[in-house]
Each structure stands twice: as structure tokens, then as C-alpha cells.
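The values are calculated or read from the model by the stated rules, or taken from the named source; none is laboratory data. The shown structure was predicted, so the numbers you read here are calculated from the model rather than taken from an experiment. Here the Cβ positions follow ideal geometry from the backbone for every residue, glycine too, while neighbour counts run over all protein chains shown. Keep in mind that these areas ignore ligands, DNA and RNA; they rest on the heavy atoms of the full protein, side chains included. Shrake-Rupley method; radii C 1.70, N 1.55, O 1.52, S 1.80 Å.
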Amino acid sequence: MWRKDTVWTGPVQEKGYLLTGDCTRHIHMWTPRESDWLVSQQTFSSHNDSVEDIQWSPNEEHVFASCSVDKSIRIWDDRAATHQACMITVPDAHSSDVNVINWNRMEPFIVSGGDDGVIKVWDLRKLDTYAALFKHHTGPITSVEWHPTDSSVFGASGEDNQVSLWDLGVESAAEPLLINDTEVPPQLLFIHQGQEEIKGVTLAPTCARSIGNNFPR
């Protein structure tokens, strides 16, 4: 059984639980013991294909989210029986594999990235549709992460060898920039290029929104 993704407990957890997802659609919970781990054989198995990412909620001790090759995002509560623990399903969250997700620490938002190169922001209070959609990357999204102290800013990386920084605080009605005859969304603050096979992006607290827009006007 191949482990596709592994995630430790979130900051509100104190018991050291571990979640792993695999290519056979199952999510296992691991409980630490004195000298080893107890791996539950009662799996969270509502996905229909490989589990690509798992993230504990930063604010709710028993809640976690997952995404999958089945195109869905799912929200779980581990207090329920495993076969009933999937509380919310967002089917067809992307047009192909959903690769990565990340919880916002301060607002009820999740950001997701897919094989379709699209980044979407989801409001947990209203999951019947996405709250925002950004299409800039030209390859699958490999990582997304919210800024740890600025709830409107997140970063992303893709197989197009780009790292992008976004700000939801910029009005959608703002006029897009035109760079080399290509429209750039006004929420796109910054692009970094020059690295290859980028697998992850992490934003430090000092990565401030004041970095501004790195494009000529």
C-alpha cells in the first residue's frame, strides 16, 4: 500500500495523531503509543481515487480536509464513525485531479490547486461554488499555502516553474494588467521564475503584502 500523503496533527491538536492517505483512496489515522504507533484499520474511504493531500483544520481539533484524483474536496470529522465521517463533499472541485489544499488560519477559507492549473478559494460557509478562481499557471499546481498572518494573501507553485503570490484583498473589479499582450489578474502580486520542478512553497510571516506588484505598468 503506497502512502500518498502524510500530515501531522494541526496546531490545536495535542495528542500527536497522524493521518496518511494512499493511492487506494483510503485515509488512515495513526495514534502514538509509548514505543510505536497504532494504525486504525477503520479507514476514511469516501474518496473514489487516490488521496493527494490531507490537511488538519488549524482551528477545529477533530476536523480535517482532503482532496483526490476523483476531483473532489472533502471535509471530515474524526469523532464520527469512519463510514459517516465525511461531512461535506465538494464534487468536481476542479476539472481534473485536485493536487493540493490549505486551510486559512484566520478565515473560513480553503485554497486548492489542481492538475488543470487553476487555483480556487472556497468559503466553508458556502461550498456550493468557489469564492474565487485564478488561472495564471500553465501547468499543474504543486503547492498552495496561505500567509500565516495575512488572511488575504497566499502563494502557489506549479509545474510551469513559477511561484506566484496572490492577494484576495485586491478588488476583482480592478483593471487587469497587460504584460506582453497577456492580461494579468490584479490579485497577482508577484511571480518568481528560474527554478525547475518546484514542489512546494511556504510563506514566512515576514513575507509581507507590501512586496507590491512586480510588474511594469
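Some notes on this structure:
- By average C-beta atoms within 10 angstrom, highest first, the peptides 189-198, 112-121, 88-97, 138-147: 112-121, 138-147, 88-97, 189-198
- Projecting the Cα atoms of 90, 139, 65 onto the dipole axis of the range 61-156, where Lys and Arg carry +1 and Asp and Glu carry -1 at the beta carbon, places 90 farthest toward the positive end.
- Label-point gap, in nm, between residue 41 and residue 22 - each point 7 angstrom along Cα→Cβ: 1.3 nm
- Radius 9 Å from Cβ of residue 46, net charge of other residues (Lys, Arg +1; Asp, Glu -1): +2
- Computed over neighbours whose Cβ is under 15 Å from that of residue 125, the net charge equals -3, Lys and Arg +1, Asp and Glu -1.
- Taking the Cα centre of the range 7-131 as reference, the dipole from Cβ charges on Lys and Arg (+1) and Asp and Glu (-1) amounts to some 240 debye.
- Semi-axis lengths, Å, the range 39-140, gyration tensor of Cα atoms, sqrt of 5 times eigenvalues: 22, 16, 11
- Counting heavy atoms of the protein chains alone, residue 183 has an accessible area of about 130 Å² for a 1.4 Å probe.
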